[in-house]
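Notes follow once the structure below has been shown.
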Amino acid sequence: MTIIALDPARHAQLRIAPSPDMAHAARLDHAVIGLAEAGLAAADYPLVLIKDGQTGRFHLAALLGLGAGRNLFVLNGLWHATYLPETVLRYPFFRDEAAPLGLAIDDDSALLCNHGEPLFNTQQMPAPVTLAMAERIDKMMRDRTAMTAFVDDIVARRLVRALRIGLTYQDGGSSEIGGLYGIDPFALAALDGDALAQLNQRGHLAPMFVMIASLNQLNRLEQLHNAQTDRPLAQVVCQ
């Protein structure tokens, strides 16, 4: 992956393929999502918190697999789920505030080609597909800001706990997925009425219940894993 600023001088002749190919996402084991995405993403994925290795901050994420570098929802280049996270749909574009158009692009992406929709018109101005993607990324970044406020709030209230996801295989082996966090239901239940009212007014109460309920989607990850591997699971347990 080579992410560089989107530049009409460099990319004037490029087009983006209309194909729904999602091969670029096959190695994603999670996708960071915005706060407004939580209710939609929970229809398909377990929602967890992951910690940024550089900043130590938590991010809300959809869990896509049961092991590093494996997206169980991508088969033969197609994504098999009801909802696709915005961070996946915006690819191969990225936000770059320093770029002339505020956008960067993966210069190595197989989606960039000499057919499909042009990125720029004949006057080297952004074409409709580029303008639409810029708007999409703007909306995504605003939702990420809302997600950050949500996470900061629940961390400050000590409503976050480490998750232990244990995998038991049919051959008798076992392993554990670490580095994931979720809502502490006991800490949430212990909050008084004023704290619950504050969370509700900020729009932070409902997403917590969505996150707790979404952990049932671990069963779906187990089913997808077993359909794609020669080492099936017997059980996935979240504690």
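One table, with the values for the structure above:
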quantity	calculated
0 to 90° range, to nearest 10: angle between helix 218-228 axis and the chain longest Cα axis	60
Angstrom value of the Kirkwood radius, inverse mean 1/r, which spans all Cα pairs in the range 4-52	14.4
Only Lys, Arg (+1) and Asp, Glu (-1) charged, at Cβ; the chain dipole about Cα centre in debye	220
Positive-end residue, the chain charge dipole about Cα centroid, Cβ charges, pick of 24, 78, 43	43
Net charge over other residues, Cβ less than 11 angstrom from the Cβ of residue 14 (K, R count +1; D, E count -1)	-1
Summed residue charge, Cβ within 13 Å of residue 82's Cβ, Lys/Arg positive, Asp/Glu negative	-1
Residue-count net charge about residue 214 - beta-carbon cut-off 14 Å; Lys, Arg +1, Asp, Glu -1	-1
Phi to ³J(HN,Hα) by Karplus 6.51 cos²θ - 1.76 cosθ + 1.60 over the range 161-168, Hz, x for Gly, Pro	9, 6, 9, 10, 10, x, 10, 10
Shape category assigned to the range 70-141 from the gyration tensor of Cα positions, a/c cut at 1.5	prolate
Å² per residue, accessible surface of the chain at 1.4 Å	51
For peptides 31-38, 195-202, 153-160, sequence by mean Cβ density within 10 Å, most packed first	31-38, 153-160, 195-202
Percent carbon-and-sulfur accessible area, the chain, ignoring ligands, DNA and RNA, probe 1.4 Å	52
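The values are calculated or read from the model by the stated rules, or taken from the named source; none is laboratory data. It should be emphasised that the depicted structure is a prediction, and the values quoted were computed from it without experimental measurement. Glycine gets a Cβ as well: all are built from the backbone with ideal geometry, and neighbour counts include every protein chain shown. Protein only, heavy atoms only, side chains kept; ligands, DNA and RNA dropped before computing areas. Shrake-Rupley method; radii C 1.70, N 1.55, O 1.52, S 1.80 Å.
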